[in-house]
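Undergrad: Dropping the structure in here first, questions after.
The values are calculated or read from the model by the stated rules, or taken from the named source; none is laboratory data. Note that the structure is predicted; figures quoted are calculated from it, not measured. Cβ: placed from backbone, ideal geometry, glycine included. Neighbour counts: every protein chain shown.
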Amino acid sequence: MDSRIKTVVSGITPSGNMLHIGNYFGAIKPHLELQNEVEYAYYFIADLHALTTVKDKAVLENNIKNVILDYLALGLDPEKVVFFRQSQVESHSELAVILANYISYGQMQRMHAFKDKLQDGEVVENINMGLFNYPILMAADILLYKPYGVPVGEDQRQHIELARDIAENFNRIYNTEFFPLPIPMIDKKKEISKVVGTDGVRKMSKSLGNVIGIFDDEEVIRKQIMSCFTDPTRIKATDPGKVEGNPVFIFHDLLNDNLEEVQDLKDRYTKGEVGDVEVKEKLSNAHLRFFKDARAKRIILERDMELVMSILMNGKEKATNKSKETIDNIKEIIGLSTSI
Ligand code: TYM
């Protein structure tokens, strides 16, 4: 590992009620690896960000609880990580208000999330300002902890670039090197940085309904896997099929620890000697093996919400202390620190 890495920061938005394997391979797995390697890891639930899409109190509360449990069950170690809820650390909102002054409207208009909405046919007048400002809040999330890097999936790259631009503008205007420019830490393999959905075409994403979950009921996961697209040119099981770029085999490579079985399935698939059902059944079993321990741990955690709450309180305190320090320094630099 790069010995310069002291601090990393990352977040997950509880816009859905459960994480999927795209979140896991693109973000959570690297987060868990980094927690053992860096001096400071700040990981949080971006609950303020979820407000752009979730406007139902009960749904939001449920999503937040589930994503927290998922994250902990997957192996986040609260001894090594500062783990907290964004909305409980007030400096995030405060810094977002400040940073909005160091980026232009024109640049904000070029952000994907906003442009995608327009492309989906949304009228610009109806786009909520939370969505438009989203990348500024995200820049605040990051810059508060002055990290070396931000481990995320490919879809977040543009947001980190914006955080860099804001940091650069700030440093230039005040003639300071206060903000280090955060590096997007994104896996070089595209099968990992942008895990494809079960449709085999688009990025796996809750809002597109093309996910394979992690903690859903076994039957739900089996159905998600059974609905997976394979080689679209293959009509019968006896037709030779293509393995490369085939989502079912991408998932086997990610999840199946039985490498001989994967090789055997690939060989037979290429020759037209195995049906999709067998390939998917084995993928389903591999998924259950892969997440067996995490699924068991989640059940135990869910019975001990007091422990979970104390982890979050502890994280809130540590994140508040660190981020207050940054805010105080920023106020000093920009001229908001005097008491008169
Ligand atoms: P979110 O909640 O959409 O996704 C959480 C993480 O999962 C990654 N990810 C994927 N990676 C690979 N393949 C996929 N199909 C896939 N789908 C999701 C995302 O890239 C992300 O790393 N805006 C962020 C949350 C956020 C944040 C931050 C992240 C708020 N503030 C500050 C980093 C730093 C988001 O909505 O991620």
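Undergrad: Take the residues of the stretch 187-205 that are under 19 Å from Leu34 (Cβ atoms) and either free of Cβ contacts under 8 Å to residues at least 40 places away in the same chain or among the hydrophobic types (A, V, I, L, M, F, W, C) (or both): which is farthest from the ligand (Cβ to nearest atom)?
TA: Lys188
Undergrad: Are any residues in the stretch 38-62 acidic (Asp, Glu) and in contact with a strand residue (DSSP E or B) (Cβ under 6 Å, 6 or more places away or on another chain), and if so, which ones? Before you say what the answer is, go through the steps one by one.
TA: Within the stretch 38-62, the subset acidic (Asp, Glu) is 39, 47, 56, 61.
Result: Asp47, single match.
Undergrad: Select from the stretch 206-220 the residues that are within 20 Å of the chain's Cα centre (by Cα) and in contact (Cβ under 8 Å) with a residue 40 or more places away in the chain and write down the one among them that is surrounded by the most Cβ atoms within 10 Å (Cβ to Cβ).
TA: Ile212
Undergrad: While we're here: Restricting to the stretch 1-10, count the residues that are farther than 15 Å from Leu74 by Cβ and within 10 Å of the ligand (Cβ to nearest atom). Let's see the steps before the verdict.
TA: At the first step, the residues of the stretch 1-10 found to be farther than 15 Å from Leu74 by Cβ are 1-9.
Remaining after also requiring within 10 Å of the ligand (Cβ to nearest atom): 8-9.
Looking only at that region, the number is 2.
Undergrad: Mind checking whether some residue in the stretch 26-40 is more than 12 Å from the ligand (Cβ to nearest atom), of a type in the set (S, T, N, Q) and within 27 Å of Pro180 (Cα to Cα)?
TA: The first filter runs over the stretch 26-40 and keeps only residues more than 12 Å from the ligand (Cβ to nearest atom), leaving 32-40.
This time we only want the ones that are of a type in the set (S, T, N, Q), so: 35-36.
Remaining after also requiring within 27 Å of Pro180 (Cα to Cα): 35-36.
Yes, the stretch 26-40 contains a residue that is more than 12 Å from the ligand (Cβ to nearest atom), of a type in the set (S, T, N, Q) and within 27 Å of Pro180 (Cα to Cα).
Undergrad: Further, regarding this structure: Of these, Glu168, Glu218, Glu177, Glu154, which one is of a type in the set (Asp, Glu), within 15 Å of the ligand (Cβ to nearest atom) and at pLDDT 95 or above? Full working, then the answer.
TA: Working: Glu168 fails: within 15 Å of the ligand (Cβ to nearest atom); Glu218 fails: within 15 Å of the ligand (Cβ to nearest atom); Glu177 fails: within 15 Å of the ligand (Cβ to nearest atom).
Answer to the check: Glu154.
Undergrad: Quick one: Val59 ticks every box in (1) farther than 23 Å from Lys6 by Cα; (2) modelled with pLDDT of 95 or more; (3) within 19 Å of the chain's Cα centre (by Cα) bar one, so which box is it?
TA: Only one criterion in (1) farther than 23 Å from Lys6 by Cα; (2) modelled with pLDDT of 95 or more; (3) within 19 Å of the chain's Cα centre (by Cα) is unmet by Val59, namely (3).
Undergrad: Can I ask one more? May I ask you to verify whether Lys146 is away from the ligand (no atom under 12 Å from the Cβ), closer than 30 Å to Asn246 by Cβ and either within 20 Å of the chain's Cα centre (by Cα) or not in a loop (DSSP other than H, G, I, E, B) (or both)? Walk me through it before giving the result.
TA: Working: away from the ligand (no atom under 12 Å from the Cβ): yes; closer than 30 Å to Asn246 by Cβ: no; either within 20 Å of the chain's Cα centre (by Cα) or not in a loop (DSSP other than H, G, I, E, B) (or both): yes.
For Lys146, the condition - away from the ligand (no atom under 12 Å from the Cβ), closer than 30 Å to Asn246 by Cβ and either within 20 Å of the chain's Cα centre (by Cα) or not in a loop (DSSP other than H, G, I, E, B) (or both) - is not met.
Undergrad: Continuing with this model, one more query. Could we say that Thr176 is surrounded by fewer than 17 Cβ atoms within 10 Å (Cβ to Cβ), more than 16 Å from the chain's Cα centre (by Cα) and not acidic (Asp, Glu) here? Talk me through it step by step, then tell me what you get.
TA: Numbers: surrounded by fewer than 17 Cβ atoms within 10 Å (Cβ to Cβ): yes; more than 16 Å from the chain's Cα centre (by Cα): yes; not acidic (Asp, Glu): yes.
In short, yes.
Undergrad: Let me ask you something else. Can you tell me which residue is surrounded by the fewest Cβ atoms within 10 Å (Cβ to Cβ) among those in the stretch 284-304 that are closer than 15 Å to Tyr71 by Cβ and touching a helix residue (DSSP H, G or I) at 6+ places or on another chain (Cβ under 8 Å)?
TA: Out of the qualifying residues, it is Glu302.
Undergrad: Does any residue of the stretch 91-101 turn out to be under 15 Å from the mean Cα position of the chain (by Cα) and either within 13 Å of the ligand (Cβ to nearest atom) or modelled with pLDDT of 95 or more (or both)?
TA: Applying the first criterion (under 15 Å from the mean Cα position of the chain (by Cα)) to the stretch 91-101 yields none.
No: the stretch 91-101 contains no residue that is under 15 Å from the mean Cα position of the chain (by Cα) and either within 13 Å of the ligand (Cβ to nearest atom) or modelled with pLDDT of 95 or more (or both).
Undergrad: Just a yes or no: is a residue in the stretch 112-133 touching a Ser or Thr at 6+ places or on another chain (Cβ under 6 Å) and not charged (D, E, K, R)?
TA: First pass over the stretch 112-133, keeping only residues touching a Ser or Thr at 6+ places or on another chain (Cβ under 6 Å): 130-131.
Imposing the further condition that a residue be not charged (D, E, K, R) reduces the set to 130-131.
Within the stretch 112-133, one or more residues are touching a Ser or Thr at 6+ places or on another chain (Cβ under 6 Å) and not charged (D, E, K, R).
Undergrad: Okay, next question. Run down Asn17, Asn23, Asn63 and say which single residue is within 19 Å of Val308 (Cα to Cα), of a type in the set (S, T, N, Q) and within 12 Å of the ligand (Cβ to nearest atom).
TA: Working: Asn17 fails: within 12 Å of the ligand (Cβ to nearest atom); Asn23 fails: within 19 Å of Val308 (Cα to Cα).
Exactly one of Asn17, Asn23, Asn63 is within 19 Å of Val308 (Cα to Cα), of a type in the set (S, T, N, Q) and within 12 Å of the ligand (Cβ to nearest atom), namely Asn63.
Undergrad: Another one. Check the stretch 173-190 and report whether any residue there is within 30 Å of Asn101 (Cβ to Cβ) and assigned to a helix (DSSP H, G or I).
TA: Step one: list which residues in the stretch 173-190 are within 30 Å of Asn101 (Cβ to Cβ), which gives 173-186.
Then drop every residue that is not assigned to a helix (DSSP H, G or I), which leaves 173.
The answer is yes; a qualifying residue exists.
Undergrad: Hey, which of the helices (runs of 4 or more DSSP H) in the stretch 1-111, taking only ones fully inside, have at least 2 residues that are in contact (Cβ under 8 Å) with a residue 24 or more places away in the chain, surrounded by 18 or more Cβ atoms within 10 Å (Cβ to Cβ) and in the same structural domain as Met138 (by TED's automatic domain parsing)? Break it down into steps so the answer makes sense when it comes.
TA: Numbers: elements: 29-35, 47-50, 57-73, 91-99, 105-109.
Here the list reads 29-35, 47-50, 57-73, 91-99.
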